[in-house]
Amino acid sequence: MSTTTVIKSDVANPALASEGKKKIEWAARNMPVLAQIKDRFAKEKPFTGFRIAACMHVTTETANLMLALKAGGADIALCASNPLSTQDDTAAALVYEYGISVFAKNAVDRDGYYKHLNSALDIKPQLVFDDGCDLVNVLHTSRTELIEGVMAGCEETTTGVIRLSQMAKDGALKFPMIAVNDTDTKHMFDNRYGTGQSTFDAIFRATNTLIAGKIVVVAGFGYCGKGVAERAKGLGAEVVVTEIDPTKALDALMQGFRVMPMTKAAAIGDLFITVTGNRDV
Ligand SMILES: NC(=O)c1ccc[n+]([C@@H]2O[C@H](COP(=O)([O-])OP(=O)(O)OC[C@H]3O[C@@H](n4cnc5c(N)ncnc54)[C@H](O)[C@@H]3O)[C@@H](O)[C@H]2O)c1
């Protein structure tokens, strides 16, 4: 352990810390812009005195963001926005190699998930980083005593921005939130190319299946759906798209994909990928 500070945490296995550190350093090699920001933060210390609660995918990329914020002087508590993407080695490294509070374990159940969100909020944040709006939702429901201290926050993903926009419309949102997903550099690239690739990474790891020759049904032709459909095509699949927005459906058709309702696609598909942001598609 390279830190002597006692920090609060709940991670799966501290013994994974050194392996996690290597992976975080590997990811850093491909994050040159963040490296420049981190250098600037280290000089200017813009977050000195600020407590940040972050609810994000606990992956090596997020770890590097946390290190940049820490370099800028922030006191951070990180929890997972999706327990299934939590990398236990990354979580352990953040705690035991870098001295950052992390509350995240891979595949933790619903109760554990909300316990971790609440533990992160115990830092009494002035700033919140969210990915899906669950942290902000907990603040507005069961942890309302903390709202007064929150200055602002940012939200990473499409679904979170939709939830926040509705809260803002209803006059329920108690502090300003920056919609990170609305920036071109986020949705045009992360959603399309990032999710496009990581979706197949997950499918390969889970099934070890060959995509070539399969009929892959992609539900939703938004930014993520486009990326998934393009990657599936590149891997040799026959791609079928289902989409409720007629313009996007037409776009999919003109990009060479077959388009049909799910009732028909269900009968012919080998593999189904839903990227609509909606449940039960
Ligand atoms: N895990 C990640 O790293 C990650 C990254 C980016 C986005 N996301 C999530 O992925 C989801 C999709 O994001 P996006 O940016 O592509 O959103 P988007 O709004 O651009 O696209 C969603 C599309 O689904 C369509 N749709 C909605 N309901 C449908 C249905 N029942 N059948 C067929 N089509 C339907 C919509 O018309 C829209 O075109 C969101 O939940 C977002 O939060 C996750």
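The values are calculated or read from the model by the stated rules, or taken from the named source; none is laboratory data. Worth saying up front: this structure is predicted, and the values here are computed from it rather than measured. Cβ coordinates were reconstructed from backbone atoms using ideal geometry, including for glycine residues, and neighbour counts include every protein chain displayed. Please note that ligands, DNA and RNA were not included when accessible areas were found on the heavy atoms of the full protein model with its side chains. Shrake-Rupley method; radii C 1.70, N 1.55, O 1.52, S 1.80 Å.
Let's see how each residue does on (1) open to solvent by 30 Å² or more (accessible area, probe 1.4 Å); (2) touching an Asp or Glu at 6+ places or on another chain (Cβ under 6 Å):
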site: Thr86; (1), (2): no, no
site: Glu97; (1), (2): yes, no
site: Val102; (1), (2): no, no
site: Val108; (1), (2): yes, no
site: Lys124; (1), (2): yes, no
site: Val136; (1), (2): no, yes
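Go through the range 205-281 and tell me which strands (runs of 3 or more DSSP E), entirely inside it, have 1 or more residues that are acidic (Asp, Glu).
Counting at least 1 such residues, we get 238-242.
Only one of the listed residues (Arg231, Arg279) is under 26 Å from the mean Cα position of the chain (by Cα), within 16 Å of Gln197 (Cα to Cα) and either more than 9 Å from the ligand (Cβ to nearest atom) or among the aromatic types (Phe, Trp, Tyr) (or both). That residue is Arg231. Just one of (1) touching a residue at least 12 places away in the same chain (Cβ under 8 Å); (2) in a helix (DSSP H, G or I); (3) more than 10 Å from the ligand (Cβ to nearest atom) fails for Thr185. It is (1). Name the single residue, out of those in the range 140-174 being under 19 Å from the mean Cα position of the chain (by Cα) and in a helix (DSSP H, G or I), that is nearest to Lys115 (Cα to Cα). Once the filter is applied, the top-ranked residue is Gly160. Taking residues in the range 15-39 that are closer than 12 Å to Ala63 by Cβ, and partners anywhere that are assigned to a loop (DSSP other than H, G, I, E, B), the pairs with Cβ atoms closer than 6 Å and at least 6 places apart or on different chains are Ala17/Glu97; Lys21/Glu97. Of Ala212, Ala232, which residue is modelled with pLDDT of 95 or more and either surrounded by 18 or more Cβ atoms within 10 Å (Cβ to Cβ) or in the same structural domain as Asn137 (by TED's automatic domain parsing) (or both)? Ala232 is the lone residue from the list that is modelled with pLDDT of 95 or more and either surrounded by 18 or more Cβ atoms within 10 Å (Cβ to Cβ) or in the same structural domain as Asn137 (by TED's automatic domain parsing) (or both). Within the range 44-81, the set of residues being among the β-branched types (Val, Ile, Thr), away from the ligand (no atom under 16 Å from the Cβ) and out of contact with any Lys or Arg (no Cβ under 7 Å at 6 or more places or on another chain) comprises Thr48, Ile52. Residues in the range 60-80 that are open to solvent by less than 20 Å² (accessible area, probe 1.4 Å) and not aliphatic (A, V, I, L, M) were compared, and the one that is farthest from the chain's Cα centre (by Cα) is Gly72. Let me spell it out: the conditions are (1) in a helix (DSSP H, G or I); (2) open to solvent by less than 40 Å² (accessible area, probe 1.4 Å), and Tyr193 meets all of them except one. Which number is the exception? That leaves (2) as the condition not met.
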